[in-house]
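The values are calculated or read from the model by the stated rules, or taken from the named source; none is laboratory data. On a predicted model such as this, the values are computed, not experimentally measured, just so you know. Cβ placement follows ideal geometry from the backbone for every residue including glycine, while neighbour counts extend to all protein chains displayed.
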Ligand SMILES: [Cu+2]
């Protein structure tokens, strides 16, 4: 059993909690991880060698092996996890998710590797998405090498808060727990491990997006999840690589396709450890901002830069007027140079298919980006 197989949600469902623990006990997961980490993995040759003209600095040379990583930041923008949806006797929608914690080495810039702790073998973990008022049930299994928890930013009982010493507290190696609560309030939220020492468990990669749609939905838009994160590769308490969705400068190597004139909505979350403030600056346009995403009208209008402390988040909305390549980045120059910089590639609709192909994307990526609302996802569809 390789970790890549464990990652498959269906496979994980079949495994069940007990056998996942058995895998751990037998050392199978550890062995498969070592196999994954052996040299010789080839870069994904299906991805075009794009955007070499954005020769901003040396980190743009080469590319990351996304297959070996078991995730692709370009897909992470749009791969919402709606859970397994069913209906409770009281008529409430129930969404069940499976999350496991596992150690997994990841490539965070071409040739730079980081011994991450992950949820579902990816950093960030799955982007959980639901509708306000849904019942959320998360089957959590720890197949890692340290105790972990799931702490959600939301409204729930103390027992479900995922902090040490309260309720189940830290979930030990091989342990399981079911977190369950109602999804509220609607907004752009997150979850992360809250085991101690907290800054270690966060900077190792144990976090993910938690998006709750308002019951009435939001206007149609192209939606992206962006989590600002960073990595301390030499464990000196400072970050060496900064990014959105983990891989430094990935969106500079592969500019994100959007259409001229369409509404773009970004669920932006800052989880960066060690640095007190991160920021997002958009070039050549201005955006409206919804702090925490908990309102349907903007809390800030017509700005081009927003700053967030750790765990702060919000929703950005904007449209580009003209075709072209538009930069976005942290307006902390050091962060931008160390990986936190990308481009949108705004094109006329007739050129969109070509823009997708240029960075290895397809119509399915387009569909997931424009029809992401959890309201649309019904039982059997997810
Ligand atoms: Cu942890």
Residue pairs within 7 Å by beta carbon, gap of at least six or interchain, first lying in segment 201-230 and without any contact (Cβ under 8 Å) to a residue 60 or more places away in the chain, second part of a loop (DSSP other than H, G, I, E, B), listed first then second, are 219/263
Being farther than 21 Å from residue 84 by Cβ, more than 8 Å from the ligand (Cβ to nearest atom) and not in a strand (DSSP E or B) is the filter here; which residues of segment 145-158 pass it? 145, 153, 155, 157, 158
Working carefully through the options 102, 116, find the one that is under 16 Å from residue 247 (Cα atoms), part of a strand (DSSP E or B) and at pLDDT 95 or above. 116
Return the residues of segment 291-314 that are surrounded by fewer than 23 Cβ atoms within 10 Å (Cβ to Cβ) and not in a loop (DSSP other than H, G, I, E, B); say none if nothing qualifies. 291, 300, 301, 302, 303, 305, 306, 307, 308, 309
Result of the Cβ filter at 6 Å on segment 129-158, keeping first residues that are over 17 Å from residue 198 (Cβ atoms) and partners that are modelled with pLDDT under 95 and within 16 Å of the ligand (Cβ to nearest atom), at least 6 apart or interchain, is 143/24
For segment 84-104, how many residues meet the condition of being within 16 Å of the ligand (Cβ to nearest atom) and more than 20 Å from residue 162 (Cα to Cα)? 1
Please give the number of the condition residue 329 fails out of (1) in contact (Cβ under 8 Å) with a residue 60 or more places away in the chain; (2) closer than 23 Å to residue 281 by Cβ; (3) surrounded by 18 or more Cβ atoms within 10 Å (Cβ to Cβ). (1)
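Looking at residue 335, is it in contact (Cβ under 8 Å) with a residue 24 or more places away in the chain and more than 24 Å from residue 204 (Cα to Cα)?
no
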Conditions first: (1) more than 15 Å from the ligand (Cβ to nearest atom); (2) surrounded by 21 or more Cβ atoms within 10 Å (Cβ to Cβ); (3) under 18 Å from residue 126 (Cβ atoms). Residue 142 passes all but one, so which condition is the exception? (1)
